[in-house]
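The values are calculated or read from the model by the stated rules, or taken from the named source; none is laboratory data. Owing to the predicted nature of the structure, the values given are computational and were not obtained by experimental measurement. Note that we place each Cβ from the backbone using ideal geometry, even for glycine, and neighbour counts take in every protein chain shown. Please note that ligands, DNA and RNA were not included when accessible areas were found on the heavy atoms of the full protein model with its side chains. Shrake-Rupley method; radii C 1.70, N 1.55, O 1.52, S 1.80 Å.
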Amino acid sequence: MLKPVTNTLRPSTWMMVVHSNVTEYFLLLCVFASRLHHLTAMPLYWDEGFHIAHARGFVHGQYFYVFPYARWLNVVLIALLQPFGVESPWLARSVTVVLSLIAAVSCLWLGRRLGSRLAGRLALLLYSLLPFAFFYDRQTMADPIMAIFGSLGLAFTVRMAYRLRLRDSVATGLLFAAATLTKFAGVVYLPLPFLAAILFPRSAAKRRRAFILAAIQVVVFVIVAGAIYTAATREKVSSGGSAIDLYRWCHSPQCAGQFDLAENLRLIGNNLRQYADVIPPFYTYPIWLLAVGALALAWRRPVQRRQIIFLLVPGFGLAVPYILIADLFPPRYLTYTLTPVVVLAALTLAELWRWLSSTQLLSSRPILRKMSLGALLILATLPAAAGTTQLLFSPFTA
């Protein structure tokens, strides 16, 4: 007589799994708790009120009223909580708080897959401390939600390129569609699976399959985004409007069909200055420099070169379109760079950690080695921890 199939993991095995990941669970709990702390004490920003107001309109049947503003899905998520009372800001912000755990887990997974278990833990630690992430993971705006869907899409992109499975391709298309429906700028994620198809597979046959899967994710993206766009067009046309209005979300000369060289150069110069101004308070110089330092790591360790090149594109390359066409360049425009930048920094930090541990001076002196590694970690994280702590206990300083 055949015995029924039961769970093959014994209780002791479950305990081993939980014990081996206790550090990650603790860091995730810290991420969640820190995002909840002082959530109601934060001042309500104008953009947050904009999203909450349109979420109320969604509840009343104006399902695509906000679509021309290039921000739709996050409004739908807020509307699910019925934001009508005085608690609306807290309820709306809780959506971002809960979803921020997805970005944190994506950092952990990407660090492990592209580096090591140590790199994954360091990526999660850096994300938990990063003032940039802490500030925007608690706000009711489209940019952090777009970045959260995009970060998970990056993880599925990497998995698709390595495992070459159809379900990963479909998941990637769905996630990038969700990112784009949250904010139209999410469309910049679409070429990344093709870049992964070039970099990761080691044989021509695997590369061809990776390109086919990348094309499938585009098809899934077009079907999902196209269906929502069609529904939005029907509602907006019936009310005398348009489903897309470029001027509502892009005010540069290019978006208006003009080319003013002097104005474009002025905007680019201003955007570059604002990007530089973002680095000290939000990325902090140690983390940003560690991410840039991954270029040296790619030269030193050819085995990680492909992974680093892949992360450099969403970490730094995708900021270029914003710099070239944006008439304003607030920090929130860079939230989609947080996951790749943090993982790049973690890879570099893990390599420095490994190099220090292997030096002749420290390899034979465990206590001195631990002190040196602790000092390295403090130097890398202290400015970020200080900035986040300031925001944590003084929310009005932001």
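What fraction of the Cα pairs in the range 92-234, stated in percent, has a spacing above 22 angstrom?
Considering the range 92-234, 43 percent of its Cα-Cα pairs are separated by more than 22 Å.
Among the chymotrypsin sites (Phe, Trp or Tyr not before Pro) in the range 75-149, those located in a DSSP loop and surrounded by at most 15 other Cβ atoms within 10 Å of their own Cβ are Phe84.
Filter the trypsin sites (Lys or Arg not before Pro) in the range 144-183 down to the DSSP loop ones having no more than 15 other Cβ atoms within 10 Å, then list what survives.
Arg165
Counting only whole DSSP H helices of the chain, the ones at least 15 Å long by C-alpha along their axis and with mean Kyte-Doolittle hydropathy no lower than 0.5 are 22-36, 88-114, 117-129, 142-163, 166-182, 204-238, 338-358, 366-393. The share of accessible area on the chain that comes from carbon and sulfur is 70 percent, using a 1.4 angstrom probe.
In this label model, Leu295 and Leu265 are separated by 2.5 nm, measuring between points 7 Å along each Cα→Cβ vector.
Using unit Cβ charges (K, R positive; D, E negative) and no other charged atoms, how large, in debye to the nearest 20, is the dipole of the chain about its Cα centre?
1980 debye
As an equivalent ellipsoid, the range 264-398 spans semi-axes of 32, 21, 10 angstrom, where each value is the square root of five times an eigenvalue of the C-alpha gyration tensor, largest first.
Extension gain for Leu80 to Phe393 (0.36 nm times residue separation, less C-alpha to C-alpha distance): 109.7 nm. Take the Cα of Ala375, step 7 Å toward its Cβ, do the same at Glu87, and the gap between the two points is 5.1 nm.
Entry comment: accessible area of the chain is 48 Å² per residue, from protein heavy atoms only and a probe of 1.4 Å. Averaging 1/r over every pair of different alpha carbons in the chain and inverting the result gives a Kirkwood radius of 22.6 Å. For the Cα trace of the range 87-174, dividing Rg by the Kirkwood Rh returns an Rg/Rh value of 1.03. On the beta carbon distance between Leu368 and Lys206, with R0 = 45 Å, the FRET formula returns roughly 0.50.
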